[in-house]
């Protein structure tokens, strides 16, 4: 490619300062404009619990919470997250908000290799914050963007179902 | 009155108990340590420029601009790596007459599939490495492409390997009994040609490797997301000429493997070489697009098969031709012919008949290699056999369950040798069939089906019996010259504080290896499970062994752990007996306490024995040398394989307007011998079934005529997602193998083995009123509509 334009490389070298609140802490990062949020979280911030599975928003392994909503970190540039509040599996674990989901996944072995698990939990957490008593059909529907090659999904559905019921019985969630 | 005591009521009895996996908590907290997460000091990143052509000559490669890019440390072409890496050939001696061309990390002068890595760039970051790829210029000259079975077999057609007479990798024939005679005298013959699409593993974590060569120590450490660290230790040592003891392979958490990550990949071999050339750690993680064009694919078979039956519906004979197209090479070191070999040997396996003939032809083509992926060969043999049985049932006016009850080998007829040469120790087909009938509520499903048909709703019911190969002996690879172990090793230590560490050669990919090993050790030693720590996957630490593949972890690894635990128990009790002045046989261990065997009265905690042995050996009788670490190896003996069996059933609905198939419910009755952890076995079955359903309904690597993969992304290649998958009902029959004390066999392939056969039969069952049939998978809506002549 003899016609290569040197300015392309200059663009790639440029970095932008991005600030956000990640897992409750203020963070500033120098990122390349082309860098995706998942790469920034995993590399610069060493939050490797968020995984890259397909890099095109099809598998759900990279789901994080952005301002309280589940988003694909692989479909966002880091610069687009400037000013946002981001919660990853690490933060959700520390705060204890998904402790019951994690315990139920563990009890029922609703994971094998565990690579899809953080994304599954982020999505399950969002589902249960929207719908207190989803049917199995609704749970399967909500997870339809989360790919798991290991489990066959049933134990995951069972675990979310059980947590929904337990939360309703304890009257915790409204 | 309380329920009668079972073996599970014994203290510390973990064999047969559903306990959660201790190591799963880390993964749930996002604290997995996958190779793709790894970052080492001074680590560089590799990226590969891939061939856009399925078959072409490399005329020239210009890397000058790429080399000049800031942040690029190395650009390597085939010749650079060929200087330090010896070539490999994917053949095994026991596949007589098989051929395959030698392979190198990167090609020297010719590319043989679209997606083959041609040039490697190593840079400060993956992004810079990929920028540099854009600056490389390669001139290719197109060569004729062989992109399907028929053109590969055409006489006088283009050849993939110059100098060879044809594109055949391997031919094999089996002929037992008198097949021609059986067909000549048969009352009924059913015949069909089946197609099985190529599909691939699609592990959620793509292949990942970090190679770290230390020139000062002359030592190589490879963090490799694989099932088989010992195999790779051996290969890296031999192909790069580094003494084995200076090669360490560490297999940490892995985001799925299913057989896909135990093969040698060109990029992985290259990364090791790049690290040697640079003396720095080099990381490579395939992206999803790269995975689709460079991970092994599987299946790609076309099978012509016929079955002869007598007037009563007794199966007399099978005659099979299996054509399978692999890549341009056979995969190393396990080859690409094992799948075909298992197809022709598993054909008809559940049934009692004597006359069998099969021809297997394994053919090269310009696509990425196929090789072993979960349930190797099983789904094809099972689908062909079970579809023919259903076709025969229709011809004879028999119910699918009835014809199977008539022909499945009787449970009291073992040992048996199949007409394909497999020896079965003890299987339970009839018991499984009976149980399936119950759990499906089969008669009610049939009644419902008949009722719904009246209103234009078409349900299908499918049944598929299967046999699974597990616990492989050296008959699998060792006899063919592969340095792939069929034995396993364990090192068990009582720690100074009275806990137990178990270093074992079987590996963990999420199926629960570490959990079941700790269950077995705790059970045999008399400890709480949380006091057993299991360590796997590091060749510097764990003893050499086969690791985990072909369903050997529980059966062979488990037996290794069991025997090692018994040896450590003997040693502990020997010291305890000296201290307590008792006979060892009068003592037992329960909950970490040495007790009187008869009364169970507590005598002394094992932590106290450990304390005395480690810190106050002076108080032991003179001449006593406490051996609180034992090492033990176990190699399977007796039957070359521990076969398992089972049967699956499913109920589905075919929308005859759209061709869509809705899975309603799936059922399996499975017999994997002694069940160590029922929950983990069930989850293996469920996961396996869903992989089989993916193959049945969605998954296919589709190629253009020019050998381009046209659906190589997760948006285009369909995998089973939660919404489409059914709930799965599971029941067990337990027929332990007598070849081991533990009696466990494998269960990892069972689900995948028969799921697609079930669906194939169920869809055909649903289409019965339309006189339409389907004989290829995946069964897409288009194929359904085509069969219905509506498309």
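The values are calculated or read from the model by the stated rules, or taken from the named source; none is laboratory data. These numbers were taken from a predicted model, which means no experiment stands behind them. All Cβ positions, even for glycine, are placed from backbone atoms using ideal geometry, and neighbour counts span all protein chains on display.
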Item checked: Positions within segment A:102-114 being crowded, with 24+ Cβ neighbours inside 10 Å and more than 7 Å from every other protein chain (Cβ to nearest Cβ), in sequence order -> A:110
Note to self: Here is a check on your reading of the model: is residue B:581 modelled with pLDDT of 95 or more and either under 28 Å from residue B:371 (Cα atoms) or surrounded by 24 or more Cβ atoms within 10 Å (Cβ to Cβ) (or both)?
What the structure shows: no
Next item on the list: May I ask you to verify whether residue A:137 is more than 18 Å from residue B:685 (Cβ to Cβ) and either more than 9 Å from chain B (Cβ to nearest Cβ) or touching a residue at least 40 places away in the same chain (Cβ under 8 Å) (or both)?
Entry: no
Note to self: Of everything in segment B:295-340, what is in a helix (DSSP H, G or I) and either surrounded by fewer than 24 Cβ atoms within 10 Å (Cβ to Cβ) or at positive phi (or both)? Give them in sequence order.
What the structure shows: B:338
Next item on the list: Among the numbered conditions (1) crowded, with 24+ Cβ neighbours inside 10 Å; (2) in a helix (DSSP H, G or I); (3) over 22 Å from the mean Cα position of the chain (by Cα), tell me where residue B:560 comes up short.
Entry: (3)
Checklist line | Selection from segment A:23-53 of residues that are under 20 Å from residue B:35 (Cβ atoms), touching a residue at least 24 places away in the same chain (Cβ under 8 Å) and at the interface with chain B (Cβ under 10 Å from one of its Cβ atoms) | finding: A:39, A:47, A:49, A:50, A:51, A:53
Notebook entry, point to check: Do we find that residue A:121 is within 11 Å of chain B (Cβ to nearest Cβ) and buried (at least 24 other Cβ atoms within 10 Å of the Cβ) in this structure?
Noted result: yes
Notebook entry, point to check: Is it the case that some residue within segment B:148-167 is in contact with a helix residue (DSSP H, G or I) (Cβ under 9 Å, 6 or more places away or on another chain) and either assigned to a strand (DSSP E or B) or more than 28 Å from residue B:295 (Cα to Cα) (or both)?
Noted result: no
Check: What is the one condition in (1) in contact with a strand residue (DSSP E or B) (Cβ under 6 Å, 6 or more places away or on another chain); (2) within 29 Å of residue B:41 (Cα to Cα) that residue B:124 does not satisfy?
Finding: (1)
Item checked: Any strands (runs of 3 or more DSSP E) falling wholly within segment B:189-270 and containing at least 2 residues that are under 25 Å from the mean Cα position of the chain (by Cα) and within 30 Å of residue B:303 (Cβ to Cβ) -> none
Next item on the list: Can you confirm whether segment A:129-150 contains a residue that is surrounded by fewer than 22 Cβ atoms within 10 Å (Cβ to Cβ), within 22 Å of residue B:287 (Cβ to Cβ) and either under 13 Å from the mean Cα position of the chain (by Cα) or modelled with pLDDT of 95 or more (or both)?
Entry: yes
Margin query: For segment B:750-787, give me the residue count where each residue is touching a helix residue (DSSP H, G or I) at 6+ places or on another chain (Cβ under 6 Å) and assigned to a loop (DSSP other than H, G, I, E, B).
Written below: 5
Next item on the list: Return the total of residues in segment A:55-82 being assigned to a strand (DSSP E or B), more than 11 Å from every other protein chain (Cβ to nearest Cβ) and under 11 Å from the mean Cα position of the chain (by Cα).
Entry: 7
Next item on the list: Taking residue B:717 as the residue in question, decide whether it is over 30 Å from residue A:106 (Cα atoms), within 11 Å of chain A (Cβ to nearest Cβ) and crowded, with 19+ Cβ neighbours inside 10 Å.
Entry: yes
Check: Only one residue in B:31, B:10, B:21, B:26 is at pLDDT 95 or above and over 25 Å from the mean Cα position of the chain (by Cα). Which one?
Finding: B:31
Item checked: Some residue of segment A:83-99 being within 10 Å of chain B (Cβ to nearest Cβ), more than 17 Å from the chain's Cα centre (by Cα), surrounded by fewer than 24 Cβ atoms within 10 Å (Cβ to Cβ) and part of a helix (DSSP H, G or I) -> no
Note to self: Could you check segment A:144-174 and list, in sequence order, the residues that are without any contact (Cβ under 8 Å) to a residue 60 or more places away in the chain and in a loop (DSSP other than H, G, I, E, B)?
What the structure shows: A:144, A:148, A:149, A:150, A:151, A:152, A:153, A:171, A:172, A:173, A:174
